[in-house]
1. Which one is farthest from Thr388 (Cα to Cα), of the residues in region 204-218 that are in a helix (DSSP H, G or I) and charged (D, E, K, R)?
2. For region 87-175, give me every one of the helices (runs of 4 or more DSSP H) that falls completely inside it and has 2 or more residues that are modelled with pLDDT under 85, within 21 Å of the chain's Cα centre (by Cα) and acidic (Asp, Glu).
3. Within region 399-414, how many residues are surrounded by 15 or more Cβ atoms within 10 Å (Cβ to Cβ), closer than 21 Å to Asp40 by Cβ and among the hydrophobic types (A, V, I, L, M, F, W, C)?
4. Here is a list of conditions, (1) at pLDDT 85 or above; (2) assigned to a loop (DSSP other than H, G, I, E, B), and Tyr351 meets all of them except one; can you say which number that is?
5. Could you figure out which of (1) more than 23 Å from Asp223 (Cβ to Cβ); (2) modelled with pLDDT of 95 or more; (3) hydrophobic (A, V, I, L, M, F, W, C) isn't true of Ala277?
6. Only one of Ala364, Ala334 is under 17 Å from the mean Cα position of the chain (by Cα) and among the hydrophobic types (A, V, I, L, M, F, W, C); which?
7. Filter region 7-60 down to the residues that are β-branched (Val, Ile, Thr) and either modelled with pLDDT of 85 or more or in a loop (DSSP other than H, G, I, E, B) (or both) and list them by number.
8. Out of Val166, Val120, Val84, Val152, report the one residue that is crowded, with 17+ Cβ neighbours inside 10 Å, more than 30 Å from His227 (Cα to Cα) and among the β-branched types (Val, Ile, Thr).
Amino acid sequence: MVDLRWERWLDELSRAYFIAVFRPELPAPERMRAASVARDCLVRLAEGGESAEHTPVDELGSADTQRRNAAARALSELGGNASVGMLVTAYVEPGRPWLAPQHLVRAARRHPIEPYLAGVTGDLPLRLQPALIQALMAHDRPESRVLLERLVTGSEPVLAEAAVEVVASWPTLSMLWSVPRRVDGTDQHAAALVPAAIAACMYLGAAGDPRAVDWLCERTMDDDPVHAGLAHAALGALGRPECVVELADLLEHADGAALGYALEAAESLSSAALVPALCDVVRRTAEQSGPGLDDNPADHAIRVLERITGRWVSADLSGYDRHGNLDPSTRRRAALLHASVGATLDRDGCYRLGEPLRLDHLLADLLSAAPRRARAAVLQLRARTGHTCGFDCRGDLVDNLDAVAAWQDVVRQGAPPGRFHWHQQEVAVPMFSV
């Protein structure tokens, strides 16, 4: 017989959780209210409310994605061997419907996964391995350190990057240095490890390690333009402008993935000094066309410029190609507009929609629809202020409600707008040669 109280509870959790986590295009206050409702539902379960005698295990196979992930979220909150075991089975068993991997990782943080499961990781499809790796390494214990060593000496960079991401949440970050040290040494997989090493130094930099920032600056001169672009993207996520001259050069000459990472860096930095280089990207790629936004570097650069200047080509002067993207003439018109506006901005400053960048702009990005933008906001807030506020980059909005409130308190204390800061100290923008 169906327990209607349980059904109503799961329906309430499912609706609230879906709005909070899977509808990032909604206004932030609406998502935060939904996250609060979802948290209240989970508290009732944990405290033994009317639904505590039930477990949502049967719902893990539901055809309803929304309901299935709400049930997994509830299980991850309960902790214990049984809940972790159910989630591991649901995640790795062939033929099971998709579950968001953070549920498994969250459950492992509450109750460590048995180390022997590391032996089955290699039997899984590669796309499933990172979440199990992160669950196994959720706690800093000897088995996790052994697994980290194995991954950074292996040949699969995506697993090394997954390990770096989870180690960044350990109380002590010193283990992260093992990755860039291997890149700097004679390891046979050194080139494949560069992305993981860059990620490691990004997290170390956010924690205030100046050596990590220096390492990233050196890596912007890498012979591989993709690696150089990744290093710039990491520095951009930290809000560090030391290599803005080199970034401008990369924007003017790179293409493909390297240009994509350079544009990501420019978006994070929001530096007025990059406006001329961004306009150059628009002009030299104006003729490129493709079915998606990612196929059009010019349109990406225009979005970054609009984010910096707060200006855009009016609708009556805009034309579109058959894919629905801006046509070449509109792109060139946009380059002219932004070059003119950029000339009025302080090249030493950083801007958001034509205003000097403030901490509350970064707080808004924290709840952004774009995961990379949200991550960059967290890292910049940490790097600029020296505070962490307990925000868990691997958690969802339900996990981070208190952290967001703490960041709101920090932001209210204010900081000089429109300048780059590192742990509350201003960082200068390098001079461009004339």
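1. Our first condition is that a residue be in a helix (DSSP H, G or I); within region 204-218, this holds for 204-206, 210-218.
Then keep just the ones that are charged (D, E, K, R); that gives 211, 214, 218.
Values: Arg211: 20, Asp214: 22, Glu218: 26 Å.
By that ranking, first place goes to Glu218.
2. Details: elements: 102-110, 129-136, 142-152, 157-167.
Filter on region 87-175 gives an empty set.
3. Here is the first cut: in region 399-414, the residues surrounded by 15 or more Cβ atoms within 10 Å (Cβ to Cβ) are 399-401, 403-404, 406-407, 410-411.
From the residues that got through so far, the ones that are closer than 21 Å to Asp40 by Cβ too are 399-401, 403-404, 406.
From the residues that got through so far, the ones that are among the hydrophobic types (A, V, I, L, M, F, W, C) too are 401, 403-404, 406.
Of the residues in that region, 4 qualify.
4. Of the numbered conditions (1) at pLDDT 85 or above; (2) assigned to a loop (DSSP other than H, G, I, E, B), the odd one out for Tyr351 is (2).
5. Tallying (1) more than 23 Å from Asp223 (Cβ to Cβ); (2) modelled with pLDDT of 95 or more; (3) hydrophobic (A, V, I, L, M, F, W, C), Ala277 fails exactly one: (1).
6. Working: Ala334 fails: under 17 Å from the mean Cα position of the chain (by Cα).
The conditions single out Ala364.
7. At the first step, the residues of region 7-60 found to be β-branched (Val, Ile, Thr) are 19, 21, 37, 43, 55, 57.
The answer is Ile19, Val21, Val37, Val43, Thr55.
8. On the way: Val166 fails: more than 30 Å from His227 (Cα to Cα); Val120 fails: crowded, with 17+ Cβ neighbours inside 10 Å; Val152 fails: more than 30 Å from His227 (Cα to Cα).
Answer to the check: Val84.
The values are calculated or read from the model by the stated rules, or taken from the named source; none is laboratory data. Note that the structure is a prediction, hence the values are computed from the model and not measured. A quick note on method: Cβ atoms are made from the backbone with ideal geometry, for glycine too, and the neighbour counts reach across all protein chains shown.
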